[in-house]
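**Student:** The structure that follows is given in the form of structure tokens.
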Amino acid sequence: MTVVAMADRSKGVAPAAGTAREGGAAAGGRADITPITPALAARPGPGLGERMRERLAEGLRVLAAMLLPPAAGLALLIGLWHLGTADGGGIPSPARTWDAALALFADPFYREGPNDQGIGWNVLASLERVGIGFGIAALVGIPAGFLLGRFALLAQMLNPIISLLRPVSPLAWLPIGLLVFQRADPAATWTIFICSIWPMILNTAQGVTRVPQDYLNVARVLNLSEWKVFTRILFPAVLPYMLTGIRLSIGTAWLVIVAAEMLTGGVGIGFWVWDEWNNLKVEHIIIAIFVIGIVGLILEQMLMLVARRFSYENR
Amino acid sequence: MTKKIVQIENVGQCFDTKKGRFVALRDVSLDIHEGESIALIGHSGCGKSTLLNLIAGLTRPSSGVMLCGGREIAGPGPERAVVFQNHSLLPWLTCFDNVYLAVERVFAAKEGKASLKRRTHEALELVGLAHAETKFPHEISGGMKQRVGIARALSMQPRILLMDEPFGALDALTRANLQDELMKILAATQATMVMVTHDVDEAVLLSDRVVMLTNGPAATIGEILDVRIERPRDRLALAHDAHFGECRAAIMEFLYHKQLKRAA
């Protein structure tokens, strides 16, 4: 039974549609469904191997349709880059950059003193700062968002302050961090903390105020305890909003860390870019741009995956 | 009719709006007896849902007294279970967990986990959904969701079941189906029910008394109709029943003649 149904789906649809169209044309648009059945019944089901091959071909077609346009875009970019750098100049050509990248990634984790480490260490150092700053921001920002969303008075008190501080570039907070912590590393982390906390507070608070009244009525009718209201209704309802906040925060944090590290120095991808500029290794800067982009993309995609797992609205 | 479960005496409900005081209900007095089924019917905006929310305890009356089991209604309570129009199931919980949430609240203090699970299972079985326990609300049809809502309400073993247009969002066939099942469930559990509806047939079919509300603002009870039809009721047989026709006619007369509402 299942086999026949599957065969119909994979094989029978296209010719049936054709027949329907012909039939419709013949009958002047009336009763155009009737001719389908004999056409379907007359067609013998294809063998298992044939169907597998068709599935495979179909899958490859879909994959190709998905991958070809981005590949073409990338080729176009590299082509233009190649043309633009063909007659020398300061910007290295794609081929030179590629060679430099091969050399660089042959040993990404070497250590030759505090200021000369592999690109892998630099990326990891940046990720660590982002992780710590972002983690603390989440620990503070998400509960703060819940409080702001739950208690209107608190929101009225703090909203003007948040509105005032949010548009400030996080780098403006760097000197304060340097002053308070007296060291470069925690100052950079502090900058990450400041820039990632706002989206998390605001999105969580918005999520809390947008919990559907129906669900809260359920809570009241069932007379649920505050703890149950939080774990069974508030938290799941707010989770998608929270994840949006987290995604925005991570994005901003990864943007800001490069700039912060350029100012604070030490180990990190931002500092590394600045260091290579001082060494005039421009191809390394271009590699760093790609690395920063790819890491940012991976962070974003990972969180999108988590968000999709917990979104119940579109299911 | 025996004991009074809910007593409503001279209840009025006002809301303060930007345009001033809005009187939704006035001078509503009604006794609801044990085992009785009551339908609240009236034009939209007449305050029938307001009255149901008052009985549920979701809102407090501006004047008058509301008693449940001889005690004042001060807020929602498990003895008054509500079935919402839009089912209001929590989308992140399975059907089982949605019902379990209610069961746990009412019985966790006295019973063990196995007993709570059994109660949940029985409630879902009562509405014919034992097979869909592990499904999430988005995986089942509108009629099934409403059944889970009813199971959730019944699982609390309430003294009175309050239903706010429970079948309003369903198609006619599903609605008829659920009405029949609801009648069976009410007969089996001997539950008391108050249902808000705007469907004349539904009101007559399901209830012992039809409470007709006048048009708002300041709506009140216009007439109360006793439906004297033997239970169990069969919708096909009733189609030719003289008394059923009379009841329908009386409600229609009230709604479309005495309380004709200008098209909004």
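**Student:** Among the residues in the range A:197-204, are any within 14 Å of chain B (Cβ to nearest Cβ) and closer than 24 Å to A:L154 by Cβ?
**Tutor:** No, the range A:197-204 contains no residue that is within 14 Å of chain B (Cβ to nearest Cβ) and closer than 24 Å to A:L154 by Cβ.
**Student:** Among the residues of the range A:242-255, is any more than 14 Å from chain B (Cβ to nearest Cβ), more than 25 Å from B:N86 (Cα to Cα) and either over 18 Å from the mean Cα position of the chain (by Cα) or of a type in the set (D, E) (or both)?
**Tutor:** So far as the range A:242-255 goes, no, none of its residues is more than 14 Å from chain B (Cβ to nearest Cβ), more than 25 Å from B:N86 (Cα to Cα) and either over 18 Å from the mean Cα position of the chain (by Cα) or of a type in the set (D, E) (or both).
**Student:** If you check every pair at least six apart or on different chains, which have Cβ atoms under 7 Å apart with a residue in the range B:190-211 that is under 15 Å from B:V227 (Cα atoms) and buried (at least 23 other Cβ atoms within 10 Å of the Cβ) first and a residue that is modelled with pLDDT under 95 and among the basic types (K, R) second?
**Tutor:** B:V204/B:R248; B:L205/B:R233; B:L205/B:R235
**Student:** Determine which member of the set B:G70, B:G64, B:G112 is at pLDDT 90 or above and on the phi > 0 side of the Ramachandran plot.
**Tutor:** Only one candidate qualifies: B:G64.
**Student:** Kindly establish whether A:P143 is at pLDDT 90 or above, more than 29 Å from the chain's Cα centre (by Cα) and surrounded by fewer than 23 Cβ atoms within 10 Å (Cβ to Cβ).
**Tutor:** no
**Student:** Moving on to the next point. Out of the residues in the range B:167-192 that are part of a loop (DSSP other than H, G, I, E, B), of a type outside the set (A, V, I, L, M) and farther than 20 Å from B:E79 by Cα, state the one that is nearest to the chain's Cα centre (by Cα).
**Tutor:** In this case the residue turns out to be B:F167.
**Student:** Would you check if there is a residue in the range A:203-213 being out of contact with any Pro (no Cβ under 8 Å at 6 or more places or on another chain), modelled with pLDDT under 90 and closer than 16 Å to B:P76 by Cα?
**Tutor:** The answer is yes; a qualifying residue exists.
**Student:** Which residues, counting only those in the range B:186-208, are over 20 Å from B:L236 (Cβ atoms) and either β-branched (V, I, T) or at pLDDT 90 or above (or both)?
**Tutor:** B:T189, B:T192, B:M193, B:V194, B:M195, B:V196, B:T197, B:D208, listed by residue number.
**Student:** Also: Among all residue pairs at least 6 apart or on different chains, which show Cβ distances below 8 Å where the first residue, located in the range A:217-230, is without any contact (Cβ under 8 Å) to a residue 40 or more places away in the chain and the second is aromatic (F, W, Y) and buried (at least 16 other Cβ atoms within 10 Å of the Cβ)?
**Tutor:** A:N217/B:F84; A:V218/B:F84
**Student:** Could you list all residues from the range A:146-203 that are more than 20 Å from A:L234 (Cβ to Cβ), part of a helix (DSSP H, G or I) and small (G, A, S)?
**Tutor:** A:S163, A:A172, A:G177, A:A184, A:A187, A:A188, A:S196
**Student:** Another question, then. Run A:P160 past the list (1) closer than 26 Å to A:A260 by Cα; (2) loosely packed, with under 15 Cβ neighbours inside 10 Å and report the number of the one that doesn't hold.
**Tutor:** Failed condition: (1).
**Student:** Which ones in the range B:141-183 are farther than 30 Å from B:S115 by Cβ and hydrophobic (A, V, I, L, M, F, W, C)?
**Tutor:** If the condition is that a residue be farther than 30 Å from B:S115 by Cβ and hydrophobic (A, V, I, L, M, F, W, C), then B:F167, B:A169, B:L170, B:A172, B:L173, B:A176 are the ones that fit.
**Student:** Of all the residues that make up the range B:50-62, how many are at the interface with another protein chain (Cβ under 7 Å from one of its Cβ atoms) and either free of Cβ contacts under 8 Å to residues at least 12 places away in the same chain or assigned to a loop (DSSP other than H, G, I, E, B) (or both)?
**Tutor:** 1
**Student:** Filter the range B:206-263 down to the residues that are assigned to a loop (DSSP other than H, G, I, E, B), touching a Ser or Thr at 6+ places or on another chain (Cβ under 8 Å) and of a type in the set (A, V, I, L, M, F, W, C) and list them by number.
**Tutor:** B:V227
**Student:** Then there's this: In the range B:193-205, what residues are part of a helix (DSSP H, G or I) and more than 19 Å from B:E36 (Cβ to Cβ)?
**Tutor:** B:V200, B:D201
**Student:** Would you check which residues across the range A:217-241 are facing chain B (nearest Cβ under 9 Å) and hydrophobic (A, V, I, L, M, F, W, C) and list them?
**Tutor:** A:V218, A:V221, A:L222, A:L224, A:I233, A:A237, A:L239 - these are the residues of the range A:217-241 that are facing chain B (nearest Cβ under 9 Å) and hydrophobic (A, V, I, L, M, F, W, C).
**Student:** Do you know which residues across the range B:21-49 are surrounded by 16 or more Cβ atoms within 10 Å (Cβ to Cβ), in a strand (DSSP E or B) and among the small types (G, A, S)?
**Tutor:** B:A24, B:S37, B:A39
Table: residues versus (1) among the hydrophobic types (A, V, I, L, M, F, W, C); (2) surrounded by fewer than 17 Cβ atoms within 10 Å (Cβ to Cβ).
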{"position": "A:L234", "(1), (2)": "yes, no"}
{"position": "A:L263", "(1), (2)": "yes, no"}
{"position": "A:W277", "(1), (2)": "yes, yes"}
{"position": "A:H284", "(1), (2)": "no, no"}
{"position": "A:L299", "(1), (2)": "yes, no"}
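**Student:** Let me ask you something else. When you look at A:G266, is it part of a loop (DSSP other than H, G, I, E, B) and touching a helix residue (DSSP H, G or I) at 6+ places or on another chain (Cβ under 7 Å), yes or no?
**Tutor:** Yes.
The values are calculated or read from the model by the stated rules, or taken from the named source; none is laboratory data. Since we're looking at a predicted model, the values are computed, not measured. For neighbour counting, all protein chains shown are included, and Cβ atoms are generated from backbone atoms with ideal geometry for every residue, glycine included.
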